[in-house]
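*Asks:* For reference, the structure I am asking about is given below.
The values are calculated or read from the model by the stated rules, or taken from the named source; none is laboratory data. All of these numbers come straight from a predicted model, not from anything done at the bench. Reconstructed Cβ throughout: ideal geometry from the backbone, glycine too, with neighbour counts over all protein chains shown. Accessible surface is based on the protein model in full, side chains and every heavy atom, while ligands, DNA and RNA are left aside. Shrake-Rupley method; radii C 1.70, N 1.55, O 1.52, S 1.80 Å.
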Amino acid sequence: MRKFFIILTVFIYYIAYGQSNILIEENANLIDQAKNYYQNKEYTIVIKTLESILPQIDELNKIEAHKYLGFSYAKINDRISAKEHLKTLLKLNPQFSFKAQEVDSSIIEILNEAKREIAHEAAMCSCFIPGVGQVLKGEERKGKLLMLGSSLSFVSTVILWLETENRQQRYLGLGPDSVEYMDEYYSEYNKWFRISVSSSAIFIGFYLFSIWDAYFSNTQVKIVNETGSSNFIRGNDLIKIGHEFSF
């Protein structure tokens, strides 16, 4: 009986695995079809095709689907839907690069709006937990370092202020018979006070930098030319800062 259940489990696994592969392949074919529809300027068919499979496709194909959905909605002047799909794409892959021949001025404008909204959301997240905004924008290493630094500085600040409060109470608790200890106790309290202020300043520095960095850094959308050169768009400006290969 045990052997039978093992065989049955393996059989079910392979059936499910095979069906999953078939579904992935079917979805990939539908995405390829949607790309052809897009090239033929049949934007409503692209939208209908991709919206129907969007909930069930894997992340890699989902990025492509959001890309062509965003482009297609932009082509039919539905800026709100276009921006939502392009925002989702940029959240799934913040470093995603677009080909220069794929994007026109209207799509670039929507991409800029999407980037700005992501920056606003990231800054708001960093207001609550420093570093989360950077993680949201795909800068995981920087975000984790900011989380670690702000957490350590916050904990140390709390501990230092508690000790400072303790030193202050000892100083204030001195009576008339302990005048000779007043300078010593005050000096100890003052030392801990200055250390606590410094620790507080470090935490505030981490906190404010996290918000500022989430809002202003990584706000450029990468545009890649066929020649190999890279461009970054920011606002309404196009700045070429990349490289070019010649053959």
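*Asks:* Give me the residue from the stretch 176-192 that is open to solvent by 80 Å² or more (accessible area, probe 1.4 Å) and either in contact with a helix residue (DSSP H, G or I) (Cβ under 6 Å, 6 or more places away or on another chain) or not charged (D, E, K, R) (or both) and, out of that set, nearest to N93 (Cα to Cα). Let's see the steps before the verdict.
*Replies:* First pass over the stretch 176-192, keeping only residues open to solvent by 80 Å² or more (accessible area, probe 1.4 Å): 176-177, 179-181, 183-184, 186, 191.
Those still in the list that are either in contact with a helix residue (DSSP H, G or I) (Cβ under 6 Å, 6 or more places away or on another chain) or not charged (D, E, K, R) (or both) too: 176, 179, 181, 186.
Details: P176: 69, V179: 67, Y181: 63, Y186: 56 Å.
So, considering only residues that are open to solvent by 80 Å² or more (accessible area, probe 1.4 Å) and either in contact with a helix residue (DSSP H, G or I) (Cβ under 6 Å, 6 or more places away or on another chain) or not charged (D, E, K, R) (or both), the one nearest to N93 (Cα to Cα) is Y186.
*Asks:* May I ask you to say which residue of K87, K48 is in a helix (DSSP H, G or I) and more than 18 Å from the chain's Cα centre (by Cα)? Steps first, answer last, please.
*Replies:* On the way: K87 fails: more than 18 Å from the chain's Cα centre (by Cα).
Of K87, K48, the one residue that is in a helix (DSSP H, G or I) and more than 18 Å from the chain's Cα centre (by Cα) is K48.
*Asks:* Would you check if E184 is at pLDDT below 95, closer than 17 Å to E163 by Cβ and out of contact with any strand residue (DSSP E or B) (no Cβ under 6 Å at 6 or more places or on another chain)? Steps first, please.
*Replies:* Numbers: at pLDDT below 95: yes; closer than 17 Å to E163 by Cβ: yes; out of contact with any strand residue (DSSP E or B) (no Cβ under 6 Å at 6 or more places or on another chain): yes.
Yes; evaluated as a whole, the condition is true for this residue.
*Asks:* When both residues are 6+ apart or on different chains and their Cβ atoms are under 6 Å apart, which pairs have a first residue that lies in the stretch 86-100 and is closer than 13 Å to I110 by Cα, and a second that is part of a helix (DSSP H, G or I) and of a type in the set (D, E, K, R)?
*Replies:* L89/K67
*Asks:* Hey, can you tell me all the residues within the stretch 78-112 that are surrounded by 14 or more Cβ atoms within 10 Å (Cβ to Cβ), among the hydroxyl-bearing types (S, T, Y) and in contact with a Lys or Arg (Cβ under 9 Å, 6 or more places away or on another chain)?
*Replies:* Correct list: T88, S106.
*Asks:* Hey, among G173, G138, which residue is among the small types (G, A, S), closer than 20 Å to Q95 by Cα and modelled with pLDDT under 95?
*Replies:* Going through G173, G138 in turn, just one is among the small types (G, A, S), closer than 20 Å to Q95 by Cα and modelled with pLDDT under 95: G138.
*Asks:* Residues in the stretch 153-170: is at least one within 30 Å of K91 (Cα to Cα) and either assigned to a helix (DSSP H, G or I) or without any contact (Cβ under 8 Å) to a residue 40 or more places away in the chain (or both)?
*Replies:* Of the stretch 153-170, the ones within 30 Å of K91 (Cα to Cα) are 153-154.
Imposing the further condition that a residue be either assigned to a helix (DSSP H, G or I) or without any contact (Cβ under 8 Å) to a residue 40 or more places away in the chain (or both) reduces the set to 153-154.
For the stretch 153-170, residues within 30 Å of K91 (Cα to Cα) and either assigned to a helix (DSSP H, G or I) or without any contact (Cβ under 8 Å) to a residue 40 or more places away in the chain (or both): present.
*Asks:* Could I ask something else about it? Could you check, for the stretch 206-218, whether at least one of its residues is surrounded by 14 or more Cβ atoms within 10 Å (Cβ to Cβ), farther than 28 Å from F96 by Cα and out of contact with any Pro (no Cβ under 6 Å at 6 or more places or on another chain)?
*Replies:* Within the stretch 206-218, not a single residue is surrounded by 14 or more Cβ atoms within 10 Å (Cβ to Cβ), farther than 28 Å from F96 by Cα and out of contact with any Pro (no Cβ under 6 Å at 6 or more places or on another chain).
*Asks:* Now for a different question. Only one of N29, N40 is at pLDDT 85 or above, open to solvent by 30 Å² or more (accessible area, probe 1.4 Å) and more than 31 Å from the chain's Cα centre (by Cα). Can you tell me which? Don't jump to the end; show me each part of the working.
*Replies:* Numbers: N29 fails: more than 31 Å from the chain's Cα centre (by Cα).
N40 is the lone residue from the list that is at pLDDT 85 or above, open to solvent by 30 Å² or more (accessible area, probe 1.4 Å) and more than 31 Å from the chain's Cα centre (by Cα).
*Asks:* I'd like to verify a number: residues in the stretch 147-192 that are of a type in the set (G, A, S) and closer than 21 Å to F203 by Cα, how many?
*Replies:* Taking the stretch 147-192 as the starting set, the residues that turn out to be of a type in the set (G, A, S) are 149-151, 153, 156, 173, 175, 178, 187.
Checking which are closer than 21 Å to F203 by Cα leaves us with 149-151, 153, 156.
Adding up the residues that qualify gives 5.
*Asks:* Are there any pairs with C-beta distances below 6 angstrom linking a residue in the stretch 38-61 that is under 14 Å from A82 (Cα atoms) to a residue that is surrounded by 15 or more Cβ atoms within 10 Å (Cβ to Cβ) and of a type in the set (K, R), with the two at least 6 apart or on different chains, and if so which?
*Replies:* Y43/K75
*Asks:* Would you pick out the residues in the stretch 113-135 that are open to solvent by 10 Å² or more (accessible area, probe 1.4 Å) and either at pLDDT below 90 or farther than 30 Å from I204 by Cβ (or both)?
*Replies:* E113
*Asks:* Let me ask something else about it. What is the one condition in (1) over 14 Å from the mean Cα position of the chain (by Cα); (2) open to solvent by less than 30 Å² (accessible area, probe 1.4 Å); (3) under 30 Å from I47 (Cα atoms) that S150 does not satisfy?
*Replies:* Evaluating S150 over (1) over 14 Å from the mean Cα position of the chain (by Cα); (2) open to solvent by less than 30 Å² (accessible area, probe 1.4 Å); (3) under 30 Å from I47 (Cα atoms) leaves (3) as the failure.
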